[in-house]
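A quick write-up on the structure given underneath.
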Amino acid sequence: MADISAKLVKQLRDKTGAGMMDCKKALSETEGEMDKAVEWLRQKGIANAEKKSGRVAAEGAVGSYIHTGARVGVLLELNCETDFVARGDLFQGLLKDVAMQIAACPNVEYVSIDEISKNIVEKEKSIEMGRDDLSGKPEQIKEKIVEGRIGKRLKELALMEQPFIKDSSITVAELVKQVAGQTGENIQVRRFTRYTLGEGIESDKLDFASEVASMSAG
């Protein structure tokens, strides 16, 4: 694989408007050839998608997904710029795919890592710093190990960081960018709610042995 320099990544970013990570991946996939990397980004619908990300996305749709057996359900708000795109097959397909993704990811609680509060990050850090396997290690080493663990944990909580269930070679964030590039509009996952049947309900478990014993005593 060709050595992908930061300078080369920046050149591709300046040329296409795609994100740094997308540019690095494009260059890796094309052995560092600029023209092929540009073509790769365009095929994926990512080129110029970043430039659209700052535009207001006030239209869109609320979609739902009920998993087989009706034990898990999802409500999702997906935004775009126009009602025309919101009613299109590409947008509706994305809405369904992302809702299905949420249903398949019980640990996901946030849209992106940016939404996770500092309090939660500090709490996770405190838990990790107290792990037995880190006792006795130098503080600097502990900090580095914990930083890696926290980064992994935060990714597990964020929807956009998840590998797409239909194509694990891309993340949900990359999927959204691809569709945004194809539609020519800014598309944003705004919020979601995941419902699990019976979640939070303390169900009374019938103790048959005790019941039989009490009936016999009576």
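Here are a few things to note about the model shown:
- Take 64-70, 160-166 and order them by the average number of nearby Cβ atoms within 10 Å per residue, most first; the result is 160-166, 64-70.
- Violating pairs (Cα-Cα greater than 22 angstrom) within the set 125/155; 96/177; 24/142; 7/142; 10/36: 24/142; 7/142
- Annotation: amide H of residue 195 within the under-5 Å range of 73, 74, 75, sequence separation 5 or more or interchain, hydrogens built in the peptide plane.
- Between residue 29 and residue 3, the simple label model (points 7 Å from Cα in the Cβ direction) yields a spacing of 2.5 nm.
- Dipole magnitude for the range 135-178: computed about the Cα centre from +1 point charges on Lys and Arg Cβ and -1 point charges on Asp and Glu Cβ, it is near 140 debye.
- Karplus (6.51, -1.76, 1.60) ³J(HN,Hα), θ = phi - 60°, over the range 76-84, in Hz, Gly and Pro reported as x: 9, 9, 10, 10, 9, 8, 9, 5, 4
- Relative contact order of the range 1-47, defined on C-alpha pairs under 8 angstrom at six or more residues apart (%): 37
- With R₀ set to 30 Å, the beta-carbon distance separating residue 66 from residue 168 gives a calculated FRET efficiency near 0.80.
- Peptides ranked, highest mean first, by Cβ atoms within 10 Å: ranges 127-135, 107-115, 180-188: 180-188, 107-115, 127-135
- Global geometry of the range 1-47, whether rounded, prolate or oblate, following the gyration tensor of its Cα atoms and the 1.5 cut on a/c: oblate
- Charge tally for residue 117 (other residues, Cβ to Cβ under 15 Å; Lys, Arg +1; Asp, Glu -1): -1.
- Within the shell of other residues whose beta carbon sits under 10 angstrom from the beta carbon of residue 75, the net charge comes to +1, with Lys and Arg scored +1 and Asp and Glu -1.
- Within a straight-line Cα-Cα reach of under 16 Å, residue 137 can be paired with the following aspartates and glutamates, leaving aside sequence neighbours fewer than 8 residues apart in one chain: 128, 147.
Where a number appears in this text, it was derived from the coordinates with a stated rule and is not lab data. Note that the structure is a prediction, hence the values are computed from the model and not measured. For neighbour counting, all protein chains shown are included, and Cβ atoms are generated from backbone atoms with ideal geometry for every residue, glycine included.
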